[in-house]
Structure formats: C-alpha cells, structure tokens
Amino acid sequence: MSKHLVVWFYILAFGISWLGWIPTVIGSHGIAPFINPSFQFLLICSAVGPALAAVIVTQIAYGKEQVGNLLKALIQWRVGLVWYLVGLVGPFALLLVAQGVTTFFGLSATQPTPQGDVFSLALATFLMSLFANPWEEVGWRGFARPHLQKRYTAVVATFIVGMLWGLWHLPLFFWKGNPISEYPFLPWFISTVAGSFIYTWLYNSTNGSLLLVTLFHIALNTFSVVISGVSIITLALLEVVVALVLVVIVGGANLSRRERDCAG
C-alpha cells in the first residue's frame, strides 16, 4: 500500500461509499429486499467513505500523528477574513450569475423551482451537507490532492481529483428520486471538474485549510436550493471560465500565490 497510496485511497473511498449507495439505488427501483428503509442506514458509509479511506491509508503509511494532522485541517480557522468571504459569498455570487445568464438567454433550468418552504429545504440541505461534505473534503482535498501535487502541477492534480470526484458520484444518477439523477451527466461532470479548480485555489491559498474548502462546499449546496432556475450547462460554462481565469492569474503550478511547498 505504501507504494501506491493514492490508488489504494481511491479503491477504498469508492468501495466504502458505493457500499452505502448501491443498496439504496437498487431499492429505489423497487427491488427487494433493498426496498426496506433499513438499508438506508448504510448511507453513513457514503458520507464518511472518502475520509475513512484517507485515515486508513494515512495510518498505515505514516502513523497516528499524521492522521491527526489530516483531520486538524478541518478546524484550521486562522486565515484572512477575505477567504471567509470567498468561501461563503463566492457560491452565492456564482449561482446568482448563473441564474442571471440562464434567464437572459431563456435557457431551461435543470431543476424546477422547489415546491414548499424554501427555508426548510435549504435548512435540510445545509444539515445534510454539514454532515457529509467535511468528510468528502478530508479525502479529496486533504489527502488526494496534496499527494498528487507532489508529482504533478496543481492543474494536473486538480484535474485528476475532479474527474474521480465526479465519477465517485455516479451511483446517484441511478438513484430514482434523488435530485442529482435529474441532471444531464456530462454538463454536471464538467461543472464538478471545473469547480475543483476553485477548491484547490482555496485550499492552497489558505495553506491547507479544509475548513474554508468545506464552507464553500456547504454554501454551494445550500444556496443551490435558494437560488433556483439555474441551468447546469450555464453553471458548468461559468465554472470553466472561473477555472481558466484562476490558472491565468495565479498560475497553474500551484493555483495560488503561495509557494508550492506550502500546499503539501
């Protein structure tokens, strides 16, 4: 395992998470015995899969102390105020612009306007994201990206992480009734890969703060409920533009103005 840390991480991350998703996906199509709601308990595996995989591989390769450092990044809050603004306001601005472009060009929104109390839906999304997103970021940005960036530039490392991050979600597209299953896969996949460049920029610019990356992730999921009428194609193109701008402005070597060794 020590010779192929990233490969083993992804094998475990996909295996643990899909163990949670696949029974629920099968059950959503009315196939017994997976239709039983008790199988949804396995969704905990999906939530913690990336983090658990990162902890297992880190423990075997580096020991307990490095596991502590990996998780400590989730509470690394000593960063400039501007990064909190980017993490919290950035997703709102991104979705608002995407909504405006969608409306201006008369494009079809990927998701219809939510029915019912938007505040309740946003709160539910926030709570689910609060439970799941930090553990995703421990795996994708806390473990995989720094290890890949030791061998590749930030652009290449981010592209790899983004591609595999998108593929990790694949079972959700077969989960009947899940909102993600209503998205066209290719634009959503492009959006995920392009969005990964924003995450890397945040992570590298804050000297490895998973807290800021997680805030951005949670805010993006939550505001996507509040700001309806967004075409996923528009959002994907917008994120591609943002990714290209970041590469041009801060450089592709580290996707940050910080020195490369500061990003792991």
Going by average Cβ density within 10 Å per residue, which order do the peptides 126-134, 179-187 take, highest to lowest? 126-134, 179-187
Could you state the number of Å between the C-alpha centres of segment 70-114 and segment 173-252? 8 Å
Binned Cα-Cα distances of segment 115-264, short to long, each 5 Å bin given as a whole percent: 2, 10, 17, 22, 21, 14, 8, 4, 1, 0
Taking all protein chains as present, what is the carbon and sulfur share of the accessible area of the chain, in % to the nearest whole number, probe 1.4 Å? 72 percent
Cα point-scatterer Debye curve for segment 90-200, base-10 log of I(q)/I(0) at q = 0.10, 0.22 Å⁻¹: -0.37, -1.45
So if the hydrodynamic radius of segment 41-144 is defined as the Kirkwood radius over C-alpha pairs, what does Stokes-Einstein give as its diffusion coefficient at 10 °C and 1.306 mPa s, in µm² per second? 95 µm²/s
Classify the chain: rounded, prolate or oblate, from the alpha-carbon gyration tensor (a ≥ b ≥ c, eigenvalue square roots; a/c under 1.5 rounded; otherwise prolate if a/b is larger than b/c)? oblate
Accessible surface ranking that places the most exposed of His217, His29 first, with a 1.4 angstrom probe: His29, His217
Accessible area per residue in Å² at 1.4 Å probe, computed on the chain: 49 Å²
Can you tell me how segment 198-264 classifies by the Cα gyration tensor, rounded, prolate or oblate, using a/c under 1.5 as the rounded cut? oblate
Sum -39500 (n - 2.57) across every DSSP H segment of at least 4 residues in the chain, then divide by the residue count to get the 222 nm mean residue ellipticity, nearest 500. -22000 deg cm²/dmol
Given the protein chains as shown and a 1.4 Å probe, how many square angstrom of Ser108 are accessible, to the nearest 10? 100 Å²
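The values are calculated or read from the model by the stated rules, or taken from the named source; none is laboratory data. These numbers were taken from a predicted model, which means no experiment stands behind them. All Cβ positions, even for glycine, are placed from backbone atoms using ideal geometry, and neighbour counts span all protein chains on display. Heavy atoms of the whole protein, side chains included, go into the accessibility calculation; ligands, DNA and RNA do not. Shrake-Rupley method; radii C 1.70, N 1.55, O 1.52, S 1.80 Å.
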